[in-house]
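Structure record follows, encoded as structure tokens.
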Amino acid sequence: RDALQLEPTALDRAGPFVAASIFVYMSQFVLLPYALVVVRDDQARSHAFYSMLLATLLAAVIFLCFPTSVSRPTPPANGLLGLAWRGLHLADTPNNGFPSLHVALAALAGILLWQAKHRALAVIWPTLIIVSTLTTRQHVAWDIPGGLLLALVAWRLTPRLVPYERTHASDRSASH
């Protein structure tokens, strides 16, 4: 199935392409495990982890059934910057534009960090990643609300699909 080419909006055209923002974009792969490790509440971590899995699954279904793509700029070819871009293009197909899974997962990590009272980090890091989806030209502006909606749906559906019961340490030791 051919991918629908997403056209840049006025917002996309107004913003610059910033090749170095690839490092912010790729910091997602640090943010997600960091949020899951730094938060000590097992129920909150479980909710976030399964929400991230559900968002990924839902996005994969959308990408397969309704592939969308964006025109990608020619990134730098040399040095660490070139290596980062080559790595991204190796791992990330061009036919998964809408909704932005990067936005959804960053938002879910932000929710988890917010609940754990890491408020500044919960807002700043995901916001920078969301902005980087545009400055790297990996997404267009419409992909952002799509990603946020995907995060909301996954967050709301997860407790219904994956029930989590908190047990106390004394309950666990008594069952062994």
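The values are calculated or read from the model by the stated rules, or taken from the named source; none is laboratory data. Because the structure is predicted, anything quoted here is derived from the model rather than measured. Quick reminder, even Gly has a Cβ in these numbers, built from the backbone with ideal geometry, and neighbours come from all protein chains shown. In case anyone asks, the SASA skips ligands and DNA or RNA and just uses the protein heavy atoms, side chains included. Shrake-Rupley method; radii C 1.70, N 1.55, O 1.52, S 1.80 Å.
Assign one of three labels to the stretch 1-97, namely rounded, prolate or oblate, based on the Cα gyration tensor with a ≥ b ≥ c the square roots of its eigenvalues; rounded applies when a/c is under 1.5, prolate when it is not and a/b is larger than b/c, and oblate otherwise.
oblate
Quick one: Cα convex hull volume of the stretch 43-102, Å³ per residue?
Taking only Cα atoms, the stretch 43-102 has a hull volume of 90 Å³ per residue.
Quick one: angle between helix 143-161 and the longest Cα principal axis of the chain, in degrees between 0 and 90, rounded to 10, please.
Its long axis makes an angle of about 20 degrees.
Where does helix 42-65 land angle-wise versus the long Cα axis of the chain, in degrees 0 to 90, nearest 10?
Long axis of 42-65 versus the principal axis of the chain: about 40 degrees.
Computed FRET efficiency, Cβ-Cβ of residue 83 and residue 53, R0 30 Å: what is it to the nearest 0.05?
The computed FRET efficiency comes out at 0.55.
Place a +1 charge on the Cβ of each Lys and Arg in the stretch 1-90 and a -1 charge on the Cβ of each Asp and Glu, then give the dipole magnitude about the Cα centre in debye, rounded to the nearest 20.
160 debye
Return one number: the angle in degrees, 0 to 90 and rounded to the nearest 10, between the long axis of the Cα atoms of helix 119-135 and the longest principal axis of the Cα atoms of the chain.
30 degrees
What distance in nm separates the simple spin-label points at residue 34 and residue 161, each placed 7 Å from Cα in the Cβ direction?
2.7 nm
Take the alpha carbon atoms of the stretch 49-91, find their center, do the same for the stretch 102-158, and report the distance between the two centers in whole angstrom.
15 Å
Set Lys and Arg Cβ to +1 and Asp and Glu Cβ to -1, take the dipole of the chain about its Cα centre, and tell me which of 34, 96, 15 lies farthest positive.
Sorting the options by dipole projection puts first 34.
Whole number please: convex hull volume per residue of the Cα set in the chain, in Å³?
138 Å³
Give the carbon-plus-sulfur fraction of the accessible surface of the chain in %, rounded to a whole number; probe 1.4 Å, heavy atoms of protein chains only.
Result for the chain: 68 percent of the exposed heavy-atom area is carbon or sulfur.
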